[in-house]
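The values are calculated or read from the model by the stated rules, or taken from the named source; none is laboratory data. Since this is a predicted model, take the numbers as computed values, not measurements. For neighbour counting, all protein chains shown are included, and Cβ atoms are generated from backbone atoms with ideal geometry for every residue, glycine included. Accessible surface areas use protein heavy atoms only, side chains included; no ligands, DNA or RNA. Shrake-Rupley method; radii C 1.70, N 1.55, O 1.52, S 1.80 Å.
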Amino acid sequence: MKALTNTLKLRVDAFIGETRLLEAPNGGDEDEISLCDALEILVRHRRNKRLLFSRLPTDVIHSVFTSALDIDRIHEPDLPLEVLEDHQKQLFRMRSVCVAWNEFLVSGPRYWLAVNLRTPPEVLQITLKRAEQAPLCVYSTTSKESRARAEPPCNEDHTVLAGSMVYVRTIRSDHRGFLPLWKKLLQSSMTSLETLDLAANVDWASMDSEHVAGWLSDSLPVVRDVTARGWQPLSSATWLENLRSLSLCRPMKIETNMLRILSQCCNLLSLKVETDGIASDEESESMESPPKIALPHLRKLELELGLLQEVRHLVLSLDIPPHAQGSLRIMSSSRSEEFVEDLAHFIFPDGTESKPPTNPLLEIHTPPDYPEPVTYTAGNRSIKFGIPERTEEWDPFSNIIVVLQNRLNNPPLTVQLDRPTERHATTLRRLGNLNVQKIHVKDPEKHLDKVLAAIGSRHPNLPSGTVPDGHNWPFESLRECVIEQAGLSLAQLARLVGIRQRYLRTSSKEWLKRITLVACNIWGGLSLSAATWQLGAIGVTLVADDRCRFAR
């Protein structure tokens, strides 16, 4: 190897010396450096041609880059804008790996389909040229990294893009600073446009938004997916009937025009509506008996409503298939019980010929990770809302769950508590008369005693021994309790069951049948074998999984 290196060194020195005599006999060190740089490029090119990458079949290389860059996803309507932004960064990184990769990527039009409006006009012109006539995705975003690049360009600098709008398949923008440019571009012919996602400027005082709908052509022959952020399409637009998905996002008010728009979208597969209230009292009165809006092909419905009162104006209007997935999120709680039946209609509409769903699930999480920490799920429908903060709201809260259960003929209910607090224990106690057959407590920290007391006792705390006979015991239907990621003594569980034994024996009733411990830290009191025997003697099976730890 050393001999080869010496030989190459002699030949390189001779080559440089001969070249300098021919090309720059009077040149200095700078000319020699330039000569070395040129020689280095040639050697690197020669090396790259011998690499495995350069010998791979073209279709294999395309497959590698397509997978790495998510190229086939840039036109998906639900692709997050930040992922789309990352597409360009990945492209630049891969071009920087080696000359061979750079040359390959530059040569292929399919790698230049995502066009960021923040791109300088001269670079944009090159990008459009390399993309040729392939379907484009034009976007602008308010991401922190994107904002750091440049201010929105002037319209005149992007006139080159207007001539390419006929090739645009996807438009995505949450940057309201580009609206003047979009106003100009959207007036171009867009015969290839399939996806439109655009945010409008909104006057928060009057809730008036920029008239984006007026910029759009009435003829968008292939548009299929529209996301309107702070604006609504014209209800007379003929392309509404061709939509597969429609998202009407905040800021947004429920108004008659919204219902007219939805009535034209007869082929929708997915619908999302976010609202901040009802436009006016007059609008509210006019929508008291809204006409039915048939969406026979709908597969997915997402509603995020500011107030419980909005449910009546929107949910009761929609006639959707029973098998359609549906989620309803109520942003603020209400003490009114007037609209509770409307929630039940969302879970299982009146007049439905199919059987009601079984085994509903009630999840109670901990804010602030979950702004609406209560989720009731039955079949393919779910409702999210908040935990009451004031005493006068407890009855309406428990009434909501009771009404939902009654709509489904009171099926067995599973309650799951995630990181419960003392407030959760109070919430759980209000559900003691429901047909709850399973309770799952996850990561209760120091509040396990309160939760167990809510499950097994009529009192705030578990007493040390048995209690006298009586009525109004909570959770008489309970058959299984799962405790996960908790620190506890097995004596607690024995006490949980033991305090009811006299009552159960005298009334010939059954109660808890199984207790499962998952990844728990167990200390003091009874050993596992002793607790298993003691609980088994009174008909309760105790199971501890392999992740449980026992203190010595």
- Message: I need the full set of residues from segment 431-457 which are crowded, with 18+ Cβ neighbours inside 10 Å and without any contact (Cβ under 8 Å) to a residue 40 or more places away in the chain, in order please.
- Response: His447, Lys450, Val451, Ala453, Ala454
- From the list Thr142, Thr195, which one is open to solvent by less than 40 Å² (accessible area, probe 1.4 Å) and modelled with pLDDT of 75 or more? Thr195
- Among residues belonging to segment 530-540 that are more than 45 Å from the chain's Cα centre (by Cα) and surrounded by 14 or more Cβ atoms within 10 Å (Cβ to Cβ), point out the one that is farthest from Trp511 (Cα to Cα). Gln534
- Task: Say whether the condition of being surrounded by 13 or more Cβ atoms within 10 Å (Cβ to Cβ), at pLDDT 85 or above and in contact with a His (Cβ under 8 Å, 6 or more places away or on another chain) is met by at least one residue in segment 157-173.
- Result: yes
- Item | Tally, over segment 82-114, of residues that are open to solvent by less than 20 Å² (accessible area, probe 1.4 Å) and within 25 Å of the chain's Cα centre (by Cα) | 4
- Please note which strands (runs of 3 or more DSSP E) are completely contained in segment 353-403 and include at least 1 residues that are modelled with pLDDT of 90 or more and touching a Cys at 6+ places or on another chain (Cβ under 7 Å). none
- Message: If I filter segment 214-264 down to residues being open to solvent by less than 30 Å² (accessible area, probe 1.4 Å), among the β-branched types (Val, Ile, Thr) and within 25 Å of Pro180 (Cα to Cα), which single residue comes out as nearest to the chain's Cα centre (by Cα)?
- Response: Thr227
- Please give the number of the condition Ser527 fails out of (1) within 40 Å of the chain's Cα centre (by Cα); (2) at pLDDT 85 or above; (3) over 24 Å from Gln437 (Cβ atoms). (1)
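The rows are residues; the columns are (1) farther than 14 Å from Ile455 by Cβ; (2) not in a strand (DSSP E or B).
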residue	(1), (2)
Cys481	no, no
Gln492	no, yes
Arg505	yes, yes
Glu510	yes, yes
Ile515	no, no
- Message: I'm checking my understanding of the structure. Among residues of segment 404-426 that are part of a loop (DSSP other than H, G, I, E, B) and on the phi < 0 side of the Ramachandran plot, which one is modelled with the lowest pLDDT?
- Response: Thr421
- Item | segment 122-136, residues that are in contact (Cβ under 8 Å) with a residue 12 or more places away in the chain and closer than 22 Å to Leu81 by Cβ | Leu124, Thr127, Leu128, Ala131, Ala134, Pro135, Leu136
- Query: Taking segment 225-270 on its own, how many of its residues are touching a residue at least 60 places away in the same chain (Cβ under 8 Å) and either of a type in the set (S, T, N, Q) or in a loop (DSSP other than H, G, I, E, B) (or both)?
  - Reply: 2
- Query: Can you find even one residue in segment 449-471 that is touching a Leu at 6+ places or on another chain (Cβ under 7 Å) and modelled with pLDDT of 90 or more?
  - Reply: no
